[in-house]
Amino acid sequence: MDDFHNSTLRQLAAGLRARKFSSVELVGAFLERIERHQAALNAFISVTRSQALEAAREADRSLASGAGGALTGVPIAHKDLFCTKGVRTTCGSRMLENFISPYDATVVAKLRSAGAVMLGKTNMDEFAMGSSNETSYYGPVRNPWNPALVPGGSSGGSAAAVAARLVPVATATDTGGSIRQPAALCGITGLKPTYGRVSRYGMVAFASSLDQGGVLTTNAADAALLLREMAGFDANDSTSVDVAVPDYLAALGSPLKGLKIGLLREFFDQGLDAENERQVREALRVFESLGARLVEVSLPHLPLSVPVYYVVAPAECSSNLARFDGVRFGHRCENPRDLNDMYRRSRGEGFGAEVKRRIMTGTYVLSAGYYDAYYLKAQRVRSLINADFSRAFESVDVLLGPTTPTPAFAIGAKTADPITMYLNDIYTIGANLAGLPAISVPCGFVQDLPVGLQIVGPHFSEARVLNAAHAFQEATDWHTRAPAGYA
Amino acid sequence: MALTREQIASIAALARLELSAAETPVYQESLSRIIDFVGALDACETADVVPMAHPLPGQSQRLRPDVVTESDHHADYQPNAPQVAAGLYLVPKVIE
């Protein structure tokens, strides 16, 4: 079998179990693809070739003895904000250029114990703050569909790697759209689970009430398998929720007949590119043909989600990133005059421009005299947005809409104006504010660039969201398209 | 609302961030625009609304028994520090 990169995760796992090929062969083939395309895409910050081959040999021994888990021997990449013991974890920042994590994130440990073999750590916006992967200290990632364009962000490296078939699946995180937006812009499938579904232990924190780990794959069934292996309660994460993990993969295949789909009126607004809208509306017709019923719903406070986010997320960021003090880990400036000089210059040098902008925005909205006017106000509006979603889910099973207003944009096109960049997440932020599971799946092309459809469900309805995405992918083939040069 | 240079300097000092002379006007401009942008929230009536601090309604901070669960990882953590000696983390002199 020499077509590994066009196989699904499930096919690869089954092939390994049937001993049709070895993990060493499989991992070697993907490492070769990564190395061949790294210069063009810059999708990886670290490639862990020798550790990967060693883990593959161990997987092969395990498979030979009839042992092994659901993912034994299959390759995976981790976004470089999941801590990996003994392997550099940079979070896309100069601040952590030399940080070797002394422990594994829970997600990393769970996937390793399920048998997955890590091939490397993927590029990302610095500290996950960005929507284009242009804020990475390690250089921008390029979109495999067109190297002049961004892959989206912040999980741009994971998305580009999966889209270019450099790795079958990758982990990612989503604070305001950082899984779904790059999935849409790269033509792949990206699932952000319910807040608390996947442990945040060992994920470098950005905005703790919004951050959630998830997956980037080429299809919903692979996402179901991967989520099943990485979800679950973790005592090490105080916001982890003790709710049983269903077998998401086994739950796929339920008919959509009678499914009530809410069309988010606010998502089909004037900001939505007309061609994008046409593709999304075509996708809605597919759901109707599968027996789903469409009703229009309105979430009146949803248009305020971007301003709420740009108070809440920077506030939490400024608090979380206070830990980078140049003392215990991370960058330290040369020859500090005194302690304060060391803090200020270490942080001034270690953080990039966008991270500094968010730390300062957060510092401002939390500072004396402004806390009530900005932070508390935003938390109140966040309650209203959450209530809008709860009301909508009283009458519909899932909500559907576009993932992004436009397809991928040019590198450099939005860097001059932070507000323009922030508005790219206008359709994704709501699910983070309300802690809801949401998936983006490819639903067509505009001028040869992929377009994403977003499906949002109530808390802990990942099985329903994945089932709807899977049914759509059974009826369409958009998710099977690979960019030219990577097929 | 236009933030002044002095306000930017004060925010940067609170955040322990050294800004270059070239950076200050850039942040002055962009932070002013962001503060204007989030000002859209003012128009929303929220007098009786409880602020939302946790994305899952009804969830509260989980507590655990007050027992030691961690072992000593000092030796694992020291290699990541910029400057150590004799097992201690070194910082510039604080007390004369």
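Around A:Gly457, under 9 Å between beta carbons, what's the net of Lys plus Arg minus Asp minus Glu among the other residues?
-1
For the listed residue pairs A:Lys20/A:Lys192; A:Lys79/A:Lys356; A:Lys79/A:Lys377; A:Lys85/A:Lys110, the alpha carbons are over 25 angstrom apart in A:Lys20/A:Lys192; A:Lys79/A:Lys377.
Highest average first, the peptides A:72-81, B:70-79 ordered by how many other beta carbon atoms sit within 10 Å of their residues are A:72-81, B:70-79. Among A:Ser22, A:Ser178, the order by Cβ neighbours within 10 angstrom, fewest to most, reads A:Ser22, A:Ser178. In this rough spin-label picture, where each label sits 7 Å from Cα along the Cβ direction, the A:Arg391-B:Ala85 distance is 6.5 nm. Of the Cα atoms belonging to the stretch A:301-413, the radius of gyration and Dmax stand at 19.1, 63 Å. Other protein chain C-beta atoms within 10 Å of residue C-beta, averaged over B:54-62: 6. The alpha-carbon atoms of the protein assembly as shown define a convex hull whose volume equals 160 cubic angstrom per residue.
Sorting A:Val241, B:Val50 by the number of Cβ atoms found within 10 Å of their own Cβ, with the fewest placed first, yields B:Val50, A:Val241.
Peptide A:90-100 shows a mean partner chain C-beta count of 1 within 10 Å per residue C-beta.
Charged neighbours of A:Ser238, selected by a Cβ distance under 11 Å, balance to +1 (K, R count +1; D, E count -1).
Taking every residue in A:356-367 and counting other chain Cβ atoms within 10 Å of its Cβ, the average works out to 6. Spacing of the modelled spin labels on B:Ala53 and A:Thr420, each 7 Å from Cα toward Cβ, amounts to 3.9 nm. For the pair A:Asp3 and A:Asp273 in one chain, pulling the backbone fully straight at 0.36 nm per residue adds 93.6 nm over the alpha carbon distance. Taking other C-beta atoms within 10 Å as the exposure proxy, A:Thr48, A:Thr122 rank A:Thr48, A:Thr122 from fewest upward.
Inter-part distance, the stretch A:40-80 to the stretch B:1-77, computed on C-alpha centroids, equals 38 Å.
When you filter the trypsin sites (Lys or Arg not before Pro) in the stretch A:188-255 for DSSP loop state and at most 16 other Cβ atoms inside 10 Å of their Cβ, nothing is left.
Between B:Ala75 and A:Glu288, the simple label model (points 7 Å from Cα in the Cβ direction) yields a spacing of 6.9 nm. Considering only A:Ile411, A:Gly187, B:Ser30, the residue lying farthest towards the positive end of the dipole of the protein assembly as shown is A:Gly187, judged by Cα position with unit charges set on Cβ. Summary of packing: across the peptides B:13-20, A:357-364, A:404-411, the per-residue average of other C-beta atoms within 10 Å ranks them, highest first, as A:357-364, A:404-411, B:13-20.
For the pair the stretch A:334-350 and the stretch A:432-452, the centres of their Cα atoms are 42 angstrom apart.
The numbers here are math on the coordinates, done by the rules we state, and not lab data. These numbers were taken from a predicted model, which means no experiment stands behind them. Heads up, the Cβs are rebuilt from the backbone with ideal geometry, glycines too, and the neighbour counts pull from every protein chain shown.
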